[in-house]
1. May I ask you to verify whether A:His90 is within 23 Å of the chain's Cα centre (by Cα) and within 26 Å of B:Leu180 (Cα to Cα)?
2. Taking A:Gly408 as the residue in question, decide whether it is at positive phi and touching a residue at least 24 places away in the same chain (Cβ under 8 Å).
3. In this structure, is A:Ala57 more than 29 Å from A:Val246 (Cβ to Cβ) and more than 8 Å from every other protein chain (Cβ to nearest Cβ)?
4. Which count do you get for residues in the range B:169-218 that are in contact (Cβ under 8 Å) with a residue 40 or more places away in the chain, of a type in the set (A, V, I, L, M, F, W, C) and part of a loop (DSSP other than H, G, I, E, B)?
5. Taking the options A:Gly43, A:Gly31, A:Gly78, A:Gly105, name whichever one is more than 29 Å from A:Leu320 (Cα to Cα), of a type in the set (Gly, Ala, Ser) and in contact with a Gly (Cβ under 9 Å, 6 or more places away or on another chain).
6. Quick one: in the range B:83-94, of everything that is more than 14 Å from chain A (Cβ to nearest Cβ) and of a type in the set (A, V, I, L, M), which residue is farthest from B:Cys148 (Cα to Cα)?
7. If only one of B:Val89, B:Val33 is under 21 Å from A:Pro257 (Cβ atoms) and at pLDDT 95 or above, which one is it?
8. Which is crowded, with 17+ Cβ neighbours inside 10 Å, in contact with a Leu (Cβ under 9 Å, 6 or more places away or on another chain), within 14 Å of another protein chain (Cβ to nearest Cβ) and at pLDDT 95 or above, of A:Leu520, A:Leu547, A:Leu556?
Amino acid sequence: MSVVDRQEWDVVVVGAGGAGLRAAIEARERGARTAVICKSLFGKAHTVMAEGGIAAAMANANEHDSWQVHFRDTMRGGKFLNQWRMAELHAKEAPQRVWELETWGALFDRTKDGRISQRNFGGHEYPRLAHVGDRTGLELIRTLQQKIVSLQQEDKRETGDYESRLKVFQECTVTRVLKDGSRVSGVFAYERETGRFFVLEAPAVVIATGGIGKSFKVTSNSWEYTGDGHALALLAGAPLLNMEFVQFHPTGMVWPPSVKGILVTESVRGDGGVLRNSDGKRFMFDYVPDVFKEKYAESEEEGDRWYEDPDNNRRPPELLPRDEVARAINSEVKAGRGSPHGGVFLDVSTRMPAEVIKRRLPSMYHQFKELADVDITAEPMEVGPTCHYVMGGIAVESDTAAARGVPGLFAAGEVAGGMHGSNRLGGNSLSDLLVFGRRAGRHAAEYATGLPDARPPVDDVQVDAAAAEALRPFSAEGPAPGEEDGRPPENPYTLHQELQQTMNDLVGIIRREGEMEQALEKLADLRVRARRAGVEGHRQFNPGWHLALDLRNMLLVSECVARAALERTESRGGHTREDHPTMDRKWRNINLLCGLTDPTGGLAATDPVRGQIALTRETTEPIRADLLALFDKEELVKYLAEEELYE
Amino acid sequence: MSSYEARFKVWRGDVKGGGLEDFAVEVNDGEVVLDIIHRLQATQAPDLAVRWNCKAGKCGSCSAEINGRPRLMCMTRMSVFTREETITVTPLRAFPVVRDLVTDVGFNYTKAREVPAFVPPEGVGPGEYRMMQEDVDRSQEFRKCIECFLCQDTCHVVRDHEENKPAFAGPRFLMRVAELDMHPLDAAAETGLDRKKTAQDEHGLGYCNITKCCTEVCPEGIKITDNALIPLKERAVDRKYDPLVWLGSKIRRRSTAD
């Protein structure tokens with residue numbers, strides 16, 4: 001019998017970013033007692049780093065905007081691989097989700113007539129992003145955080161306890177989703193501060209843990225982005241969808257080395273910034289792909305006129321979807337036309353007065369001034385691609401956010417797959433969090449409070465196994481078979497650095513078959529070594545221990561990315577194969593699902609050949625006819641296979 | 001510029017006590033103090049406890065005291081120090097130590113709960129909010145706050161005066177009261193909540209004697225004292241000493257008592 005502390009809740013939300021908090025608010029408002037668990041302090045989630053805005057067709061800035069136009073842009077951005085029902089729900093519900101934030105106290109930038117201002121962004125036909133300067137994510141997280149506090153204040157008035165119906169367990173990490181047969185029964189977690197283990201018993205668990213960027217060396221992501229939720233779902237038996245699609249944001253800082261990867265918001269381009277190579281040329285005009293030819297300006301003059309007169313001009317190609325811009329920058333640098341530190345130039349200084357730059361892009365001004373000694377009002381920035389977002393994720397039902405195959409498990413936000421297809425448009429992430437966070441919270445609450453029979457019990461054996469797994473780094477294994485005695489345990493920091501280098505170099509922005517095979521071998525080697533990752537000290541706030549535990553998750557998701565990327569022999573969105581450089585219509589309706597090779601959830605850690613991940617192919621449901629009718633036939637021909645067109 | 005070896009003193013210990021530990025560590029071009037702390041973790045002290053998230057000055061997690069001054073480690077470049085200087089990194093002094101550079105900042109979360117939330121105006125539905133930019137500018141300035149709690153740490157009212165903590169919300173949460181008070185559509189007054197009065201009576205605004213220490217350490221450059229605390233004080237004072245307001249409050253109080 002295990003002696004781990006246990007509590008009962010109706011819904012447990014793992015992650016306190018935008019999706020997690022929105023889910024928690026919804027679940028609590030629908031009467032479920034809800035617990036939120038997050039690795040950091042409450043209010044520090046990665047969502048704070050979102051800069052540009054929330055995409056929602058409110059039509060405040062251009063009256064022609066509508067959910068249909070937003071849906072179209074989203075599908076084009078994702079190269080038609082999107083789970084179309086999610087894209088439809090997202091486009092329809094985003095405006096409501098933004099307006100609701102105002103009733104919770106959010107203060108967006110305003111239009112002249114006092115409505116929410118909307119800005120231009122890559123891939124969006126109209127100015128669509130509700131924003132607060134370039135700190136929109138902070139506004140979102142603070143608003144949701146303060147809404148949670150206000151619900152707790154209500155509960156205090158009614159029950160005398162702030163935490164009677166909604167509690168945030170901050171600085172705690174979930175290492176396992178517990179199950180009763182096929183159903184969710186709770187989670188196993190540890191408190192970072194004390195190292196103490198605990199179990200939250202709950203019939204419904206919402207995973208909202210964000211992304212996987214910390215598996216790559218150059219990334220805009222914070223330390224938390226270790227793919228925890230992806231791994232928790234896999235280990236619980238839920239498949240991951242299309243993990244090969246990883247977005248490299250075109251503009252990350254490239255210098256100094258210690259800040260390499262930190263994001264430079266797309267708003268810089270949305271507001272008029274241009275990309276130039278070392279010859280001073282606006283090179284993006286050379287990189288407009290066929291599928292977008294009619295929609296982008298052909299000359300600098302036309303592109304420049306568009307900012308003032310969007311109805312009679314086409315947008316500049318700097319505002320192509322992110323995958324296109326990132327590849328273009330990569331090609332320019334490779335061709336020897338890069339900037340001194342291996343990026344290209346992003347310039348606003350010659351495009352806007354200094355005062356306007358400081359007002360519209362305050363964080364960027366600050367960030368470059370403080371970290372790189374660059375005054376962006378006077379000189380161009382140097383930028384290059386950085387790992388930013390994973391489009392792949394937990395396979396979910398579009399309407400309910402329920403993970404496939406595991407009753408009681410739900411997922412929302414970056415950790416969920418499908419919504420963005422092969423490439424996400426800027427601004428569609430914050431709206432995704434709100435739309436599907438709310439849906440996940442609602443359906444988790446309904447599931448938990450509507451269970452026909454008793455709550456699923458937590459199995460002591462699983463709790464003991466989870467505790468043993470978490471303690472393992474303190475007694476790192478002895479020598480590997482055939483190795484000499486006394487081999488010291490592996491340093492988790494070193495393993496992490498090697499993993500990041502591997503993914504960056506071998507499964508990065510441009511991929512090749514041989515390199516990905518090499519990556520899989522390296523990952524297998526790292527997996528074996530990670531078994532011996534050892535830590536010093538004790539369980540109280542021990543970062544080495546935390547990293548050793550996170551390594552399991554990063555290794556799992558990295559293998560998913562590498563295996564799926566090797567399998568998909570085409571280039572589409574956030575997956576570019578040098579050996580298969582074009583988009584292949586035959587792949588349009590193919591999803592790749594990743595599952596564990598050992599479905600019992602045991603990890604094949606000591607067998608390097610076998611690997612932990614098995615892939616299955618799945619043909620997607622045809623796009624509904626009325627949604628297809630939103631596009632011209634000539635455009636659909638570029639994406640859909642012949643037989644799809646004539647159905 | 002090239003690499004060099006810097007000397008660091010980092011406070012290590014926990015609630016039971018601790019002290020400064022010496023390190024010699026490599027420093028490269030363009031690095032910030034947080035990079036150095038990470039290098040110590042990776043090479044010399046794997047269990048060195050530190051909070052951090054974004055490493056870009058946006059989340060407010062890596063607050064510490066560097067040579068005695070409250071700062072974000074991710075935004076403090078090594079180039080502001082000479083190569084000869086020994087750099088001392090200690091945890092935030094106003095909060096109890098958990099371990100090494102990590103402190104218990106629970107005080108701030110307690111205070112956050114004590115400020116009544118935004119009150120939406122009756123009869124104005126989602127999508128119907130109309131506010132002019134110039135009317136939201138000031139509250140937006142306060143909402144730039146990343147909750148690094150450096151202002152809470154440096155404020156002399158609580159920095160060395162644990163006894164003042166129960167009665168004093170600190171600059172961050174007095175600013176939150178100001179933000180809500182200046183929100184063009186906040187309907188607290190209609191529900192009988194006078195935010196200015198609560199700033200004075202419940203959140204300890206009177207303790208603040210506008211030394212501007214909070215403004216000086218704010219990494220977001222928010223003019224906490226000038227734009228939030230002083231106007232709040234002026235308005236609180238207006239209410240307290242304005243004879244008409246005084247009379248009004250007496251009359252109203254009497255009529256409700258009746």
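The values are calculated or read from the model by the stated rules, or taken from the named source; none is laboratory data. Predicted, not measured: the structure shown is a model, and the values here were computed from it. Cβ placement follows ideal geometry from the backbone for every residue including glycine, while neighbour counts extend to all protein chains displayed.
1. No; evaluated as a whole, the condition is false for this residue.
2. In short, yes.
3. no
4. 7
5. Criteria check complete, one pass: A:Gly43.
6. B:Ile87
7. From the options B:Val89, B:Val33, the qualifying one is B:Val33.
8. Going through A:Leu520, A:Leu547, A:Leu556 in turn, the sole match is A:Leu547.
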